[in-house]
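No lab work stands behind these numbers, since they all come straight from the coordinates. Quick caveat, the model's predicted, so the values are computed rather than measured. No Cβ is skipped: glycine too gets one built from the backbone with ideal geometry, and neighbour counts run over all protein chains shown.
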Amino acid sequence: MKIRPLLIAFLLAAASASAGAQDLELKKGDHICIIGNTLAERMQHDGSLEARLYSRFADYDLVFRNLGYSGDEIDGYKNGNHRMRSMSFGSQDEWLSGNAPCPQPNKLSPRDQGKVRENRFELTNTKADVVFAFYGYNESTAGNDGLPAFRKNVEEFVQHVLSQKYNGKSAPRLVLFSPTAHEFLDTPNLPSKAEVDASNARIKAYTEVLAEVAKAKQVQFVDLFTPTLEAFGKGAPNTINGIHLNPNGESLVASIAERGLFPTGLVTKRDAAALERIRSAVQDKNFYWYMRYRVTDGFSTYGDRAFLKFSEGPGGYGDGLSNYSVAQRELDVLDTLTANRDKVVWDAAQGKTAKADDSNLPEFIPVITNKPGPLEGGKHLFLSGEESISKMTVHKNMKVELFADEKMFPELVKPVQMAFDTKGRLWVACWRTYPHWKPTQKMDDRLLILEDTNGDGKADKCTTFAGDIHNPTGFEFWNGGVLVAQGPDLLFLKDTNGDDKYDVKERIVHGFDTADTHHTINSFVLDPGGSIYMQEGTFHHSQIESPYGAPRRVANGAVFRYEPRTQKADVYVSFGFANPHGHIFDGWGRDVVWDGTGSQPYHAVLFSGDIDYPHKHASPPQVYKQRTRPCSGTEVLSSSHFPEEFRGNILVNNVIGFQGILQYKPQDKDSSLTAVEVDPIVFSSDPNFRPGDTEVGPDGAIYFTDWQNPIIGHMQHNLRDPSRDHDHGRVYRVRYEGRDLLKPVAIAGQPIDKLLDLLKHPDNRTRHLARIELSGRPSTDVIPAAKKWVAALDTGDANYEHHVLEALWLHQSHNVVDADLLKKVLKSPEPKARAAATRVLGSWKDRVADPLELLRAAVNDESGAVRLQGVWALSFFNGADAAKAAEVVVESLIHPQDEYLKHQLNETNKTLDRRAKK
Amino acid sequence: MRRFLRATMLVVALMECGVASVCGDETESAVGPLMKLFQGGRLPAERQGTVVEMICSRGNANDLKVVFDKIVQPDGFTPELRLKAMQWMTDAAVTRKVKPAGELVALEKLVAGDAAAANPALQQASIKLASTWKDAAILPALQSLATDSKTKSELRRVAIEGLVAIGSTESKSTLLKLVGKELPLPVRMQAAAGLSGMDLAAAAQAGAQVLADATAKDNPDEMIAAFLDRKGGADILAAELAKQKLTADVAKRSLRYIYSVGRSDAALSDVLSKAAGIAADAPPPTPEEVTRIAADVISKGDAARGEKIFRRKDLNCMKCHSVSRAGGQVGPELSAVGGSSPVDYVLNSILNPNLAVKEQYVTRIFALDNGKVLTGVVIDRDDVRINIRDANGAVVKIPVADIDEELEGKSLMPQGLTKFLTRDELLDLAKFISELGKPGPYAVQQSKTIQRWRVLRQPPPQLTDEVPHLEHIRQFVLGSQPTDWDSAYGRVSGILPLEELRGSDKPAVLILQGEVNVSAAGKATVLVTSTEPVQTWFDTDAFDSKKFDVELTPGRHLITLRVEVSGRDAPELRVELKTPNDSSANYEVIGGP
């Protein structure tokens, strides 16, 4: 991955300098701050542009600080909706000038005195002499209509920046960069040639505005659009999705940018290896900078909960240290680590190899626990994984067994989410650095693979698939690899050589907020149609860029829907959650989302209709009311190992007071569903027992993790309270006594026909794994096979309707529209199949004929559940179609109503109304 | 006559035109498709309700006119829908400031006169609607209703509210008459509350006088609430109260009320505390004090005594908090609170509730253009309204158009509650709360006991004088209204202490009810434990024994008990459901407020 073609360095050396253009003037010691959208943000991870400039000005001791941020727009410095940040993140000017006061100094305690800086950005080394601004792609999605506003915004931005003295002495030298071109990647799973051409026409118009304003205001402009448009399509891909650069594209754009910055200067021949050494030093420096600029748990570092103060010794809140002084000191350490690496880069630029000297790091502020344990030194008492079983009360006829613990595998600590792969192995995301990484310590959050190779019911092998990730709050398998949360990014990791360690690591989506790490995208779940859902809690402000149009924005509570095949990221639910954890899909694709804090379950169709930012959905009726809180994870008990009466029950983990797994039986209710509590699966009197995630295993047993921690609250103890455990973690399984465990079904590597037949399996997780396996096979093989499979199905099979629905979902997952198959399921005699197909229709509405007529049938369906889904689907219509959808949707009122239908119609109408008013 | 004609002509024009939005209306209709459906032939009569509601909630003046004409036609709607349509139309005027186009004089006939008297519900709805539209023509009718001593309390309240809504000088002079000393106290309270929206100074003067004249039996809550909801209302009332002399009981009762809604306005709290003879608000304790008290909680606190204190009516804990799912839903459910919260956290939450507020309980304060100030937790918001949950657990809808300012609020948990507690009582209360969810007698309960009871407020003699037969159970129990019942809550152990319900130490017959929601059919055993004689009905099946089996079927079921409570000390009742080993039954006992 790090091999750089030699020729890139010279690629544009021959390009002629544009007439009258001036070189950017750089001075020794200049601080260059990069601002802008994801184009800018990704540059820090690659480092190509910085490396070139460090190399070009090898003895200038330049300081680069990248302030790029997914989704930003040029008016963001004054418009919070175009530069969304969590509370007290710091304004753009504060960052550029390296000057920001403590946000709430009056809340600090006497113990904080003398420990905090007056200027919390004092050590950032921003203080920009030069500003590189990368804006325009997000704005361009507004098309011609948005041009006048864009021109005005660019003018005002330039005027604003030039009137500042970020370095304290003089106005910054500003360079406006245009967006890069939208690259056409010839795949049916990304925007078509026509769509990409239209996008480029828009970007061109916005580039011209940038150029014109730059000229009028006499600031330097670098056109990245024209040369990239020219270069794209002539070799290997330059982007991951058409708009975000891959290493190839970063290198290309860096050379174009250098040429644009210094049009008259000579491009000297560079030794590629030397440049690569500089880039490597830049990447190392930027790692620390990124950890500083995008520090996770920001709400407890500078936001409101930074100012919680705790007692020092047994107690709760008190007048001891605040989170603020402790967390800000860590930022001082990160700033120093970064500055120390500036020197390493300078040395590298001069051909010297140097190691960072970190002898000057500020001292951390030690935290005294407010919840000491009973043992010497305030240590807490931990039962072993086995001993802990004696504290558990298990459902009648069920038995708990230890599958793995930290004694067997010391790396098994702080398990957050787990999942079985298609080989029947258990993957566990471990979060040792929780609540987030402390600088200077090892960043070794992990993704482990646990295996029971001898079939004795205990793991005997543990492989670290990834050992260098951070805050892995969720993951899910996809396309032969795995998607992992590493807020603010979503990573794709893949092992290509079969050693069970990843060798591909890509940041594929940016902009998920991390203000509170346990609110960060979590509880990943794959729906039967191939989309992945991720939950995020309040305080968060997320902005995600898209090759399909405007950035997706949401604040204070959301569920995201991500189609890995098409790289579409959307806000699935915008709702005022406290902190959603837990999301299930039942056998018919109905989904329920839990607001974890209050353990409130919602039937997702009721708040996942389309809604335009910044609006949020009204509160829907709950599925049921739970007696305890909070919920950490959920699962559907769909296992042939358990007696049939358990099938379909919902398992709900609860970690305070009642520490165990609750069980609910779902039932249809009117057009939606409800559930009633039945006997819990297991609960424990061990105060450290915190069941985090639950999943049915390939043997049919219920597996669950134990976070095993005396402290559970994020808010009740200092972020760095030493009583937070970092050394324990368990996995248990629950089996039904007197019934044999299931023989795991072979899935990995099986032929497509076998996998298709597994879609008939009664157990949800088996079908789920078959779908994952199929996601990694070529669509060109899978889809023809699926069509043959459907045609050959026995129509007399009691589950025939479900099997056909599975085939429809498989098409959806492979992004292949089959209108006939869709219509067949829309007319299924089974209402739940019709409802599920109506959901698919919602996603395919732009790719089937007469979607409104199909939905007219849905809202006139005899089943309320189908009508509910039809009303949902109509919320997605836009423009002129919104008015037509509004005509169709009211027909649902001809039929019997209930509280769900009424709520749903109100929500859809609100969205359609707002669009009509636009 | 001319007005009438014009109105009729407009209706005809609209009907000919069909859809309001194409009639050249100024604001385009957002409900064109709904109007088409409403006026077309496909909508069955029994489904009109939702359509009318949606038209009212989103339609423009012309759309509303179509509904209005149906309202004033004697047989335009069913009586139920007519009432609802009037409420929705009132809501449209309040929330969206939209009222029907054209002449609206037809409504005035429903406000007063024989037709009105014959249908009180319709009359009240008409008054509300007409006064929301500030229809001055109904003023004389409202004045006479408000001042007539024969007017029933509820109607008078509506008339007074109508006068306030119209807000003219005539309204004010009527209200000033109604606060006069010669009138009954409830009338004066209503009038003073109404006046607070028009002339706060005069209202405060009257309100203070009313409180001075009140006895502990009079309920001043609503009047005080009116002042609390006004900008500066609490302070002005406090200033007037300082000039009056209140009985200690009235002062105490008023104080408890303001605390129970999460308020502790300093001036009002001080003047009432002084009158009540209790200490003024202490400042929040210092961390050292909390540490000291926490140590005492651990060494001296008694959880059993603490539970009794927690249940005390004057402290209102259970008005907002539930334990074992039984109790209010305003604040956090506390069953497990001790499991995660150390003692000093619990103490701080009681003594200084604003120190740390969990994200879903952060409140917002809304100052409205009309001087009202409302506080609550935001449930959801959209373009036209914000729904908040207030300290009473009630959902209040705030029109976005009326909001002058929105601020972050404090906790709804009242500060100053501890004034009603001795230090020892505080230790016991904190001990109880910090034991909740810990292993032991206050662990999260696993047994299925009835925790949330309904108590029939005024059981008829047919139920109390003798063991009633089935028809009386059908009529007076199963046929009762939800509003006929009060709530009572079991202790953590599942025991319902009956002396709290008996009222005094005299014997009484209580009708109590629990509810079960069954998901899977099967057998369950009902275990009734009581110190008193009990008869039990499972739905309509009567049982005399204290342990009996029932065959549960899916759905909701009622367990009704008739308890002859003697005069003994500590009478108790506990009802638990058990599932025999061979049973396939699945069910939950229903909790809540």
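Per residue of chain A, the DSSP helices (runs of n ≥ 4 H) give a summed -39500 (n - 2.57) that works out to -9000 deg cm²/dmol at 222 nm. Centre-to-centre separation between the Cα atoms of region B:219-235 and those of region A:403-425: 59 Å.
Counting only DSSP beta bridges with both residues in the protein assembly as shown, tell me the antiparallel percent, nearest 5. Here the antiparallel bridges make up roughly 90 percent for the protein assembly as shown. Whole Å is fine, so just give me how far the alpha carbon centre of region A:864-918 lies from that of region A:536-590. Centre-to-centre (Cα) distance: 21 Å. Counts of other chain beta carbons within 10 angstrom of each beta carbon in peptide A:712-724 average 1. Rounded to the nearest 10 degrees, the inclination of helix B:79-91 to the longest alpha-carbon principal axis of chain B is 90 degrees. Distance from the alpha carbon centroid of region B:350-406 to that of region A:36-63 works out to 48 angstrom. Within region B:2-205, the proportion of C-alpha pairs whose separation exceeds 24 Å stands at 44%.
Partner shielding of A:626-635 amounts to 3, given as the average count of beta-carbon atoms from other chains within 10 Å of each residue beta-carbon. Listed from fewest to most Cβ neighbours within 10 Å, the set B:Phe420, A:Phe403 follows the order B:Phe420, A:Phe403.
Listed by chain and number, the lysines whose alpha-carbon sits under 20 Å from that of B:Lys547, ignoring those within fewer than 8 places in the same chain, are B:Lys448, B:Lys523, B:Lys578. Evaluating 6.51 cos²θ - 1.76 cosθ + 1.60 at θ = phi - 60° for every residue in region A:273-279, the Karplus couplings come out as 5, 5, 4, 5, 5, 5, 4 Hz, glycine and proline recorded as x. Peptide A:191-199 has a mean shielding of 0, counted as Cβ atoms of other protein chains within 10 Å of each residue's Cβ.
Considering only A:Val678, B:Cys320, A:Thr38, and ranking their Cα positions along the charge dipole of the protein assembly as shown that arises from unit charges at the beta-carbon of Lys, Arg, Asp and Glu, the one farthest toward the positive end is B:Cys320. For chain B, the share of alpha carbon pairs falling in successive 10 Å distance bins from zero is 3, 14, 20, 23, 22, 13, 4, 1, 0 percent. The convex hull drawn around the Cα atoms of region A:376-736, when projected onto a plane and averaged over every direction, covers 17.8 nm².
Per the Debye formula with a single identical scatterer at each Cα and no solvent contribution, what log10 I(q)/I(0) holds for region A:295-422 at q = 0.16 Å⁻¹? Scattering profile of region A:295-422, log10 relative to I(0): -1.05.
Dipole magnitude for chain A: computed about the Cα centre from +1 point charges on Lys and Arg Cβ and -1 point charges on Asp and Glu Cβ, it is near 1280 debye.
The overall shape of region A:817-917 is oblate: from the C-alpha gyration tensor, with semi-axes ordered a ≥ b ≥ c, the ratio a/c is 1.5 or greater and a/b is no larger than b/c. Under 5 Å between amide hydrogens, built in the peptide plane, is the criterion, and for A:Val678 it picks out A:Gln663, A:Tyr664, A:Lys665 among residues at least 5 positions away or on other chains. Residues B:Leu142, A:Leu261, ranked from the fewest to the most other C-beta atoms within 10 Å, line up as A:Leu261, B:Leu142.
Sorting A:514-525, A:841-852, B:331-342 by their mean Cβ neighbour count within 10 Å, with the most densely packed peptide first, gives A:514-525, B:331-342, A:841-852. Between the helical axis of B:61-72 and the longest alpha-carbon principal axis of chain B there is an angle of about 80 degrees.
With only the Cα atoms considered, region B:382-438 has a convex hull volume of 140 Å³ per residue. The per residue volume of the convex hull around the alpha-carbon atoms of the protein assembly as shown is 197 Å³.
Residues whose amide H falls under 5 Å from that of A:Val509, counting only those 5 or more places apart or on a different chain, are A:Leu490, with hydrogens built in the peptide plane.
Annotation: amide H-H contacts under 5 Å for A:Met398 (H modelled 1.01 Å from N, sequence separation of 5 or more, or interchain): A:Glu737. When the helices of chain B are scored as -39500 (n - 2.57) per DSSP H run of n ≥ 4 and the total is divided over every residue, the value at 222 nm lands at -12000 deg cm²/dmol. Seen against the Cα atoms of chain A and their longest principal axis, helix A:193-217 is set at about 30 degrees.
Using the Cα centre of region A:25-271 as origin and beta-carbon charges of +1 (Lys, Arg) and -1 (Asp, Glu), tell me which of A:Pro191, A:Tyr206, A:Val219 is placed farthest towards the positive end of the dipole. Selected residue: A:Val219. Along region B:168-180 the Karplus relation, 6.51 cos²θ - 1.76 cosθ + 1.60 evaluated at θ = phi - 60°, assigns HN-Hα couplings of 8, 5, 5, 4, 5, 5, 5, 5, 4, 5, 6, 8, x Hz to successive residues, with x for each Gly and Pro. What percent of all Cα-Cα pairs in region B:57-155 falls into each 10 Å bin, going from 0 up to the bin containing the maximum distance? Taking all Cα pairs of region B:57-155, the binned fractions are 16, 52, 28, 5, 0 percent. Of the cross-linked pairs A:Lys423/A:Lys788; A:Lys665/A:Lys832; A:Lys423/A:Lys760; A:Lys414/A:Lys461; B:Lys243/B:Lys319; A:Lys309/B:Lys358, those separated by over 22 Å at the C-alpha level are A:Lys423/A:Lys788; B:Lys243/B:Lys319. Descending by average beta-carbon neighbour count within 10 Å, the peptides A:368-379, A:416-427 line up as A:416-427, A:368-379, the highest first.
Panel order for B:Tyr345, A:Tyr166, by other beta carbons found within 10 Å of each beta carbon, from fewest to most: A:Tyr166, B:Tyr345. Each of A:His803, A:Thr393, B:Gln244 was scored by the projection of its Cα onto the charge dipole of the protein assembly as shown, and the greatest displacement toward the positive side belongs to B:Gln244; charges sit on the C-beta of Lys, Arg, Asp and Glu.
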